[in-house]
Amino acid sequence: QNPKTSAIVKQLVAEGNAGELQKYFGSRMEFGTAGLRAAMGAGISHMNDLTIIQTTQGFCRYLEKNFSDLKKRGVVIGFDARAHLSSGGSSKRFARLAANTFISQGVPVYLFSDITPTPFVPYTVTHLKLCAGIMVTASHNPKQDNGYKVYWENGAQIISPHDKGISQAIEENQEPWPQAWDDKLIDSSLLLHDPYATVNKEYFKDIQKQCFHRNINKETNLKFVHTSVHGVGHKFVQLAFKAFDLSPPFAVPEQKDPDPEFPTVKYPNPEEGKGVLTLSFALAEKDGAKIILANDPDADRLAVAEKQESGEWKVFSGNELGALLGWWIFTCWKNHNRDTCAIKDVYMLSSTVSSKILRAIALKEGFHFEETLTGFKWMGNRAKQLMDQGKAVLFAFEEAIGYMCCPAVLDKDGVSAAVITAEMASFLATRNLSLSQQLKAVYDEYGFHITKASYFICHDPKVIQQLFDNLRNFDGKNTYPKSCGRFKVSGIRDLTTGYDSSQPDQKAILPTSKSSQMITFTFANGGVATMRTSGTEPKIKYYSELCAPPGNSDVEQLKKELDELVNALEKHFFQPEKNNL
């Protein structure tokens, strides 16, 4: 019933444009553990009013089956600032249609009245003890995209088998229910609640448990620049600084207000590094700020840059910031916990494609480190299991600039990470140390961990399948490569098939998934490289790391060795010319 998408389809039918119609209606968007992520537009392959109604009807039925008290507890729904003029879709509109679906079935809905960061949704699920949460966002994807991200009652993103159960329920509930389109009905409903004021108050109260140096924060002369890259983060990072008694950061004026067109950047993704930060560098130079904090548009990720002695800017990788935050959060914990026995219940987590620096810190300091599969859904769910056993999960991170610094949110959170980074930098400044100098100190103490990651773009699933099949049948059937150029392979773990050469029974310990490709190679020189497909983008990614024991300080030699390993990986395993990547 959306006049815009309806008109697009009628136009294509009138033109007899079978090719475009096939694209719009050939296959339904797949509902996975990350929910939905697709371009906004007409047809069942896109995000639009109809597909949101259908998805929510399926999700509602699935929740009714799983929770006898759904009508008592309810769900929370948040949204970012995305909008798409030509199809009439917007995050707010989708959120209202989703709310309407639940309310029509007698389910209470806590619908935020305004845009919020993604982490506020899992926070609200836990804080108000709700059955589930939905966040309408496409995070840092291109402007035409939108998404539908789902959280379970434990406050973490869903993992299998929930994705399959929800997917099945969507298939069974495709015809819109009687009042599905009339979202104005919710405004007069007693089942509609607005958690905005409460959550804003409680969240900023909860993150103050991670504030350890209020006096330093009040006094610091360090200046920060913050950009929310045309997304939702501005207001919330300002409030977080206030909660920590820090002077507010300078906001990049051209990027501080939400704008679904993202006019100043090619991609609204701070992971892309310096390109996204051009305006931030200019403002920092003008105002004499030494540190830049950048959130992605839904404020669940954080990038950090620091001005070096040379006048150059260093943008920290996700692994480098993970090392700094891990060191900082453990140091703060240690200074506040004099009981030496408590350390046996302390945990940190990171995903299998992230740097193993936390493992090195844990080994030396005596706490536990665990790795999980890629994605915060795994770290969030594992953190909850550990917390339910009385353990303290201090920190979790992923190299894709995602950090969970505060146990009140079981997902990555760019708001708390930004203010905790600011406090860490302010503290270090009192010791005349920069973030870069402290990072070197962490590596000196726990061993250098040099990482390098990138990706190839490939739009043809057949080519991707073929590339990974070749790696599994390298020198004849069921044989993996024994070397990569001059680098000898010493171990292989394939989480698509469940093979692990290092285990006595050759079976991998981490869960395996046939639907996504992921192979990790360990090399005789201490290097590790993982190749995997992305769940949300047409990319084949690789992650490589060289770990040296403490005391090996020839960093340039380590970097050279890793560069050569990566070049060999690209040439022999990806074969970009042959595969047209």
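Annotations
- For residue 567, the criteria (1) of a type outside the set (A, V, I, L, M, F, W, C); (2) in contact with a strand residue (DSSP E or B) (Cβ under 7 Å, 6 or more places away or on another chain); (3) open to solvent by 60 Å² or more (accessible area, probe 1.4 Å); (4) at pLDDT 95 or above hold in every case but one, which is (2).
- In the set (1) more than 27 Å from the chain's Cα centre (by Cα); (2) touching a residue at least 40 places away in the same chain (Cβ under 8 Å), residue 71 fails one condition alone, (2).
- Hits in region 454-499 (condition: part of a strand (DSSP E or B), open to solvent by 60 Å² or more (accessible area, probe 1.4 Å) and in contact (Cβ under 8 Å) with a residue 40 or more places away in the chain): 455, 457
Condition check ((1) under 25 Å from the mean Cα position of the chain (by Cα); (2) touching a residue at least 12 places away in the same chain (Cβ under 8 Å)) across all residues:
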| site | (1), (2) |
| --- | --- |
| 285 | no, no |
| 291 | yes, yes |
| 298 | yes, yes |
| 307 | no, yes |
| 317 | yes, yes |
| 338 | no, no |
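- Spans of helices (runs of 4 or more DSSP H) in region 121-240 with at least 3 residues touching a residue at least 12 places away in the same chain (Cβ under 8 Å) and of a type in the set (A, V, I, L, M, F, W, C): 162-172, 196-207
- The one condition in (1) out of contact with any Phe, Trp or Tyr (no Cβ under 7 Å at 6 or more places or on another chain); (2) surrounded by fewer than 19 Cβ atoms within 10 Å (Cβ to Cβ); (3) modelled with pLDDT of 95 or more; (4) not assigned by the TED database to the domain that holds residue 145 that residue 256 fails to fulfil: (2)
- Scanning region 421-449 for residues that are in contact with an Asp or Glu (Cβ under 7 Å, 6 or more places away or on another chain) and closer than 15 Å to residue 552 by Cα yields a single hit, 449.
- Meets criteria (part of a strand (DSSP E or B), crowded, with 23+ Cβ neighbours inside 10 Å and not polar (S, T, N, Q)) for residue 276: no
- Looking only at region 407-416, and only at residues there that are buried (at least 24 other Cβ atoms within 10 Å of the Cβ) and assigned to a loop (DSSP other than H, G, I, E, B), the one that is nearest to the chain's Cα centre (by Cα): 412
- Test: residue in region 90-108 that is open to solvent by less than 20 Å² (accessible area, probe 1.4 Å), assigned to a helix (DSSP H, G or I) and hydroxyl-bearing (Ser, Thr, Tyr): yes
- Filter pass, residue 432 being open to solvent by 40 Å² or more (accessible area, probe 1.4 Å), free of Cβ contacts under 8 Å to residues at least 12 places away in the same chain, more than 27 Å from the chain's Cα centre (by Cα) and on the phi > 0 side of the Ramachandran plot: yes
- Filter pass, residue 520 being open to solvent by less than 60 Å² (accessible area, probe 1.4 Å), closer than 21 Å to residue 398 by Cα, in contact (Cβ under 8 Å) with a residue 60 or more places away in the chain and in contact with a Ser or Thr (Cβ under 8 Å, 6 or more places away or on another chain): yes
- Sole residue being over 20 Å from residue 414 (Cα atoms) and open to solvent by 10 Å² or more (accessible area, probe 1.4 Å), chosen from 85, 70, 63: 85
- Residue match in region 374-384 (condition: open to solvent by 10 Å² or more (accessible area, probe 1.4 Å) and modelled with pLDDT under 95): yes
- Count - residues of region 1-41 that are farther than 30 Å from residue 378 by Cβ, part of a loop (DSSP other than H, G, I, E, B) and either open to solvent by less than 40 Å² (accessible area, probe 1.4 Å) or in contact with a helix residue (DSSP H, G or I) (Cβ under 9 Å, 6 or more places away or on another chain) (or both): 4
- Test: residue in region 110-117 that is surrounded by fewer than 21 Cβ atoms within 10 Å (Cβ to Cβ) and assigned by the TED database to the domain that holds residue 48: yes
- Any hit, region 525-546, residues being among the hydrophobic types (A, V, I, L, M, F, W, C) and touching a Lys or Arg at 6+ places or on another chain (Cβ under 6 Å): no
Matching residues to (1) under 30 Å from residue 29 (Cβ atoms); (2) of a type in the set (A, V, I, L, M):
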{"residue": "495", "(1), (2)": "yes, yes"}
{"residue": "506", "(1), (2)": "no, no"}
{"residue": "517", "(1), (2)": "yes, no"}
{"residue": "531", "(1), (2)": "yes, yes"}
{"residue": "536", "(1), (2)": "yes, no"}
{"residue": "542", "(1), (2)": "yes, no"}
{"residue": "557", "(1), (2)": "no, no"}
{"residue": "570", "(1), (2)": "no, no"}
{"residue": "581", "(1), (2)": "yes, yes"}
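- Filter result for residue 153 (surrounded by fewer than 24 Cβ atoms within 10 Å (Cβ to Cβ) and under 26 Å from the mean Cα position of the chain (by Cα)): yes
The values are calculated or read from the model by the stated rules, or taken from the named source; none is laboratory data. Just so we're clear, the structure is a prediction, and the values are computed from it rather than from any experiment. Please note: Cβ atoms are built from the backbone with ideal geometry, for glycine as well, and neighbour counts cover all protein chains shown. We work out accessible area using only protein heavy atoms, side chains counted, and drop any ligands, DNA or RNA first. Shrake-Rupley method; radii C 1.70, N 1.55, O 1.52, S 1.80 Å.
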